[in-house]
Amino acid sequence: MSRYVPPPPAPQSAISALEGKLKAPLPPVLKGRYAASNGGSFGDPRNRDREWQLHPVFDASDRKQMKRSAEDIAHYTRLALQDKRFPRNGISIAHSFSLHEQLLVLRDEASGAIGEEIFLFDVYTAQWCAPYATDLQAAIDQARVPEAVQPDPARALPAFRYYADPFQSGVMRTSGETCECCGKATGYIYNGGFYAVSDASHFCPWCIADGSASTKFDGEFNDAAGVGMNEVALPAHVIDEVAQRTPGFFSYQQEQWWAHCNDAGRFLGEIEHVDRALLASDAGTELMRSTCDEAHLGGDTDWQWLLDTPSRKRGMAVFVFGCLRCGKLGGYVDHS
């Protein structure tokens, strides 16, 4: 069984340097964590679908650690403060997958001291609550041991007509976790969105592809109302396949599904992950023009920035689809 290997400890010099910049000691729960591991991920006891990424302390001990820890607490706090709703005296210490949720500590405005309570900031609601320290400590203390992964090599993964690669987009991963629909551990698990009354959302790819998960839990992986983006009227069977038998994708706002030639498009991923040769084609040039217009971007320099910068760093995602009939590329811009 493979075990999660956390990052190495932060040197005391790095912790002291951060405290020097902050002009205050770190809260004990954080200082203890960094002394054991400089960053890394940990689960959330209250929400099985949420995983936290702890922002590291900048470590200048060697090139490798400098590169790994360059995006440190200071970096993420600067990003957080770009949102005027984030507390002005907050210090961002961890984020969830899409930066929609962050954990933070507060600096006392009078004394400058950093408090021990850890708060949760929700970008969607612009609200923050406390305390979160108890659950954070419980999560950190958990032994994160991924289950043994033993996919059956003789069993071919199902192909999704309207989805190029759910593993590349991050909604599907290898795992020994049991599918909540069929009850089997297939070696793969889906951890993307699923809209249903039930809390079930972790399914194997086969239970998604054959519609079993959607039928059993009366839910949708993609909002049926967004298939066609209110621009193309599609046959009911196409909408059903996208909504009930096709994985979803991570988005800032409610996802939409581009369509063309009286058919749903095939989801190719966020623009920074789409094949560059395809983006350099005539279809890609047309997509560049429409995307730049929609996102209010300039010329080649802005386009290159879009391709080279992950969406979490620009607060804007561009989702790309391809027409299965004529090869046209399309999609839409999604803002945080």
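Which percent of the accessible area of the chain is formed by carbon and sulfur heavy atoms (probe 1.4 angstrom)?
51
Roughly what % antiparallel, to the nearest 5, for the DSSP beta bridges in the chain?
Within the chain, antiparallel bridges account for around 95 percent of the total.
Given the -39500 (n - 2.57) contribution per DSSP H run of 4+ residues, what per-residue ellipticity at 222 nm results for the chain, rounded to the nearest 500 deg cm²/dmol?
On the way: 12 runs with 97 residues, N = 336.
Value at 222 nm, helices only, nearest 500: -8000 deg cm²/dmol.
Please build a GNM for the chain, connecting alpha carbons under 10 Å apart, and tell me which residue among ARG276, ARG161, ARG173 fluctuates the most.
Between ARG276, ARG161, ARG173, it is ARG276 that shows the largest mean-square fluctuation.
Which of TRP257, GLY269, ALA225 sits closest to the plus end of the dipole of the chain, meaning its Cα is farthest towards the positive end, when Lys and Arg get +1 and Asp and Glu get -1 on the C-beta?
Result: GLY269.
Between LEU157 and GLU71, what is the label-to-label distance in nm when each label sits 7 Å out along the Cα-to-Cβ direction?
The two pseudo-label positions are separated by 2.3 nm.
Give me the extension gain from ALA35 to GLN53: residue separation times 0.36 nm, minus the current Cα-Cα distance, reported in nm with one decimal.
Stretched out fully, the ALA35 to GLN53 stretch lengthens by 4.8 nm.
Among 303-309, 76-82, how do they line up from the highest to the lowest mean number of other beta-carbon atoms within 10 Å?
Details: 303-309: 13.7, 76-82: 15.9.
In decreasing order of mean packing, 303-309, 76-82 become 76-82, 303-309.
With r defined as the distance between the Cβ atoms of ASP165 and ASP282 and R0 fixed at 22 Å, what FRET efficiency is calculated, to the nearest 0.05?
0.40
Quick check for me: using +1 on Lys/Arg Cβ and -1 on Asp/Glu Cβ, what's the dipole size of the range 182-231 about its Cα centre, in debye to the nearest 20? Provide the component values of the computation, followed by the final result.
Details: 2 positive and 6 negative charges, 57 e Å.
In total the dipole reaches around 280 debye.
Which value, in debye to the nearest 20, gives the size of the charge dipole of the range 1-106 about its Cα centre, when Lys and Arg are +1 and Asp and Glu are -1 at the Cβ?
Values: 16 positive and 10 negative charges, 24 e Å.
Using only the charged Cβ atoms, the result is roughly 120 debye.
Run the numbers for ALA236 and LYS313: contour at 0.36 nm per residue of separation, minus the present Cα-Cα distance, in nm.
24.0 nm
Starting from the Cα of LYS23, draw a straight line to each of the lysines and keep only those under 24 Å, dropping any in the same chain fewer than 8 residues away.
LYS31, LYS84
Given points 7 Å out from each Cα along the Cα-Cβ axis, report the ASP199 to LEU297 separation in nanometres with one decimal.
Once both label points are built, they end up 4.0 nm from each other.
Excluding residues fewer than 8 places away in the same chain, name every one of the aspartates and glutamates whose C-alpha is closer than 18 Å to that of LYS67.
Within the straight-line limit of under 18 Å, LYS67 reaches these aspartates and glutamates: ASP59, ASP308.
Can you give the charge dipole size of the chain about its Cα centre, rounded to the nearest 20 debye, using +1 on the beta carbon of Lys and Arg and -1 on the beta carbon of Asp and Glu?
Computed charge dipole of the chain: roughly 900 debye.
Name the residue from SER169, HIS55, VAL333 whose Cα lies farthest towards the positive end of the charge dipole of the chain, charges +1 on Cβ of Lys and Arg and -1 on Cβ of Asp and Glu.
HIS55
Just the C-alpha atoms of the chain: what Rg/Rh do they give, with Rh taken as the Kirkwood radius? Please report the intermediate quantities before stating the final value.
Numbers: Rg = 21.9 Å, Rh = 22.0 Å.
For the chain, the value is 0.99.
The values are calculated or read from the model by the stated rules, or taken from the named source; none is laboratory data. The shown structure was predicted, so the numbers you read here are calculated from the model rather than taken from an experiment. Neighbour counts run over all protein chains shown; Cβ positions are idealised from the backbone, glycine included. These area figures cover heavy atoms from the full protein model, side chains too; ligands, DNA and RNA do not enter into them. Shrake-Rupley method; radii C 1.70, N 1.55, O 1.52, S 1.80 Å.
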